[in-house]
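Heads up, the thing below is written out as structure tokens.
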Amino acid sequence: MKKLYFIALIITSLTSCLRLDDNLFNPNITKITEYKLDNYTGDTDFRLDVSYQIPDSLIHIFQLSSQAPDESGATQIYAIYTGSINRIAIDTVIMYCHGNAEHMDFYWQRAKLLANIKSKNRFGVLMIDYRGYGLSEGKPTEDGLYADVDAALKWLKNKGLTDNRLVIYGFSMGSAPATKLSAGNYSMKPCKLLLEAPFASAEVMVQDASGLVMPGAFFTDLKIDNAEQIKKVQQPFFWIHGEDDNFLNIDTHGAVVYNNYNGSYKEAHRIKGAGHSTIPQTVGFQNYLNALGEFITQH
């Protein structure tokens, strides 16, 4: 009896200390009162030179209302659209789903980089702060994550964008809504899916992080399973992952997602020497943009 009690105590302690929900959703490292974008002085993965600058007239910060199916009210989230809003109905737009830490100021350099694919502002780029991130209201949840990105797609649809000109790009945690919305029935159906350093599932994250052979339910309530969702995706798929990623291992996470895809077209980019968040600078910004641009325009 004492042995069983001791085991239960260990499991309870591990469950309370290693909740994956808290580690995956990590929005409040830096508190902000406004978005500063190029004037942001906090940490970021990289900073672009002035040649990548976007005119102020093509940067739009606004709010969206997001409501998950089981919610009685809406949550206000923030978004940034880079490009001409008046041209959304005739442009191709990249919906960028950022990672698990920080807020849109932190990811602004990445969104700005995407706005330079092929040529400056060739494509529109929409980015949001999920609920609980940056200035967005609420608390992060899995259902909220999907609802927030879907709210962004509703906005694009209302502006006249059609499915065949919507591209969705998920980085790290953002691979979850990008894959889910590509596979499921939401406000829009992206015509192409791009994933950078995706994770396989919440279950695999638990096993990798804990080093213990225990069911993921001990550590998380999350049901995210990109490795299964990707099997439902038929759109062309672009995958890029750093071989030295020590946060989401390329073999246990990214490669599993890539191998499980059985759609119309896929291409893989394994980047030697790149870690979890260093792919663009490791491969070179222009090489990175060229690869993305070729995929978006040719497949």
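So here's what we get for this one:
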{"item": "Gain in span if fully extended, residue 154 to residue 243, counting 0.36 nm per residue against the direct Cα distance", "result": "28.5 nm"}
{"item": "16 Å Cα-Cα reach of residue 31 towards lysines, excluding residues that sit fewer than 8 places from it in its own chain", "result": "139"}
{"item": "Stretch gain in nm, segment residue 119-residue 89, where the contour uses 0.36 nm per residue and the Cα spacing is subtracted", "result": "8.9 nm"}
{"item": "Hits among lysines - C-alpha to C-alpha of residue 192 under 17 Å, sequence gap 8 or more where chains match", "result": "118, 157, 180, 231, 232, 266"}
{"item": "For the stretch 87-126 versus the stretch 220-271, the gap between their alpha-carbon centres in whole angstrom", "result": "21"}
{"item": "In nm, spacing of pseudo-spin labels at residue 76 and residue 265 (7 Å Cα→C-beta vector)", "result": "4.3"}
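Each reported figure results from applying straightforward, stated rules to the coordinates on display, with no laboratory input. All values derive from a computational prediction rather than experimental measurement. Virtual Cβ from ideal backbone geometry, glycine too; neighbours counted across all protein chains shown.
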